[in-house]
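Peer 1: Questions regarding the structure given below will be posed in turn.
The values are calculated or read from the model by the stated rules, or taken from the named source; none is laboratory data. For clarity, every value in this text was computed on a predicted model and none was experimentally measured. Quick reminder, even Gly has a Cβ in these numbers, built from the backbone with ideal geometry, and neighbours come from all protein chains shown. Each accessible area value is taken on the protein alone, full model and side chains, heavy atoms only, with ligands, DNA and RNA left out. Shrake-Rupley method; radii C 1.70, N 1.55, O 1.52, S 1.80 Å.
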Amino acid sequence: MKLFPDDQRVGLGGAPIGNLLGEVSDAEAVATVNAAWDEGWRYFDTAPHYGLGLAEKRLGRGLDGKPRDEYVLSSKVGRIIYTADTATADDEGFDLSTTRRRRWDFSRAGVLQSIEDSLRRIGTDRLDVVFVHDPDDHYQEAVATAFPTLIELRDQGVIGAIGSGMNQSEMLTRFVREVDIDVIMLAGRYTLIDPDGLDDVLPACLANDVQVVAVGIFNSGLLARPRPAPGATFNYAPAAASLVDKA
């Protein structure tokens, strides 16, 4: 299965329009999606985790009215977004105060609910790719329930392709070798400053015909400019002086 045409080598990641590490307006978020479209980008990724659903809603607004068969859309499972009684500031890197909260859930019911919620927030009828998101501390649940549920949905034609997205390469390598997945999302581990993915997961993908989406290619900001800016981040946290020097 070929997920991405040869001329589609770049896509838009949705975390920044969910206020990752800084607030953006609704108008800026939608304009970003439209700018990517105008540049010919036809792959768009998002997740419930990004802004506790905010990124999915904003991506949906940006894609509204665009021909659905002309782009590839992915989201993720593993976190359920629910509503609490009081608003608080998010504590996982997104600049917002909200009544929405997230909880881990890799169960069959959780996967099905997560997909249904994502479709509703985005305003679309299908997801082309679904990733199991950040199962670092949930390997057994991912293998026992999340992946089998996604495989079933893929076999039924409900979703097009399945995989996992993580900020590490070791567990992704296990998934590539042990689970019938189509694609991985490798975050921050195939960059100029951190090429760890070259040692394990990328060779495994080549051997098992698994496609790769490389994200976080600027290591969340450290490599985003010719010289690191003050306050540059690495792995979504302030970069150590040694890494700034290396960059």
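Peer 1: What accessible area per residue comes out for the range 15-169, rounded to a whole number of Å², with a 1.4 Å probe?
Peer 2: 43 Å²
Peer 1: Turning to a different aspect of this structure: Express the relative contact order of the range 172-240 as a whole percentage, based on alpha carbon pairs under 8 Å and six or more residues apart in sequence. Provide the component values of the computation, followed by the final result.
Peer 2: Details: 90 pairs, mean separation 20.6, N = 69.
Worked out over the range 172-240, it gives 30 percent.
Peer 1: Please report, as a whole percent, how much of the solvent-accessible surface of the chain comes from carbon and sulfur atoms (probe radius 1.4 Å). Let's see the in-between values first.
Peer 2: Numbers: 6040 of 12050 Å².
Solvent-exposed carbon and sulfur of the chain make up 50 percent of the total.
Peer 1: Still on this model: Excluding same-chain residues fewer than 8 positions from K2, which aspartates and glutamates have a Cα within less than 13 Å of its Cα?
Peer 2: D128, D182, D209
Peer 1: Picking from S169, S114, S97, which is most flexible by a Gaussian network model of the chain using Cα springs under 10 Å?
Peer 2: Result for the chain, Cα springs under 10 Å: S97 fluctuates most.
Peer 1: For the range 54-160, which trypsin sites (Lys or Arg not before Pro) are both in a DSSP coil and crowded by at most 15 other Cβ atoms within 10 Å?
Peer 2: Passing sites in the range 54-160 are R126.
Peer 1: Around Y43, which amide H atoms from residues at least 5 apart in sequence, or from another chain, sit under 5 Å from its own amide H, with H modelled in the peptide plane?
Peer 2: HN-HN under 5 Å from Y43: L12, V72.
Peer 1: Now for a different question. Which distance in nm do the two modelled labels at A31 and T99 give, with both placed 7 Å along the Cα-to-Cβ direction?
Peer 2: With each label point 7 Å from Cα toward Cβ, the separation is 3.1 nm.
Peer 1: Contact order normalised by length for the range 12-216, with contacts defined as Cα pairs under 8 Å and 6 or more residues apart; what percent is it? Present the calculation step by step, with values, prior to reporting the outcome.
Peer 2: Values: 395 pairs, mean separation 32.0, N = 205.
Over the range 12-216, the number comes to 16 percent.
Peer 1: For the chain, what does -39500 (n - 2.57) per DSSP helix run (n ≥ 4), summed and divided by total residues, give at 222 nm, in deg cm²/dmol to the nearest 500?
Peer 2: -8500 deg cm²/dmol
Peer 1: Additional query: Once label points are set 7 Å from the Cα along Cα→Cβ at both D155 and D209, what is their separation, rounded to one decimal in nm?
Peer 2: About 1.8 nm separates the two model spin labels.
Peer 1: Here is a follow-up. Using a 1.4 Å probe and counting only protein heavy atoms, arrange V158, V30 so the residue with the most accessible area comes first.
Peer 2: From most accessible down to least: V158, V30.
Peer 1: If the viscosity is 1.567 mPa s and the temperature 4 °C, what Stokes-Einstein diffusion coefficient in µm²/s follows for the range 12-216 when Rh is the Kirkwood radius over Cα pairs?
Peer 2: 75 µm²/s
Peer 1: Before anything else, pin down the relative contact order of the range 102-247: Cα pairs under 8 Å, at least 6 apart, normalised by residue count, whole percent.
Peer 2: Contact order relative to length: 16 percent.
Peer 1: Which residues in the range 101-139 place their backbone N less than 20 Å from a point set 7 Å from the Cα of T83 along the Cα-to-Cβ direction?
Peer 2: Counting backbone N atoms under 20 Å from the label point, the list is 101-104, 113-124.
Peer 1: Let me ask something else about it. What residue among G197, G65, G14 has the largest mean-square fluctuation in a Gaussian network model of the chain, using Cα springs under 10 Å?
Peer 2: In the Gaussian network model the winner is G65.
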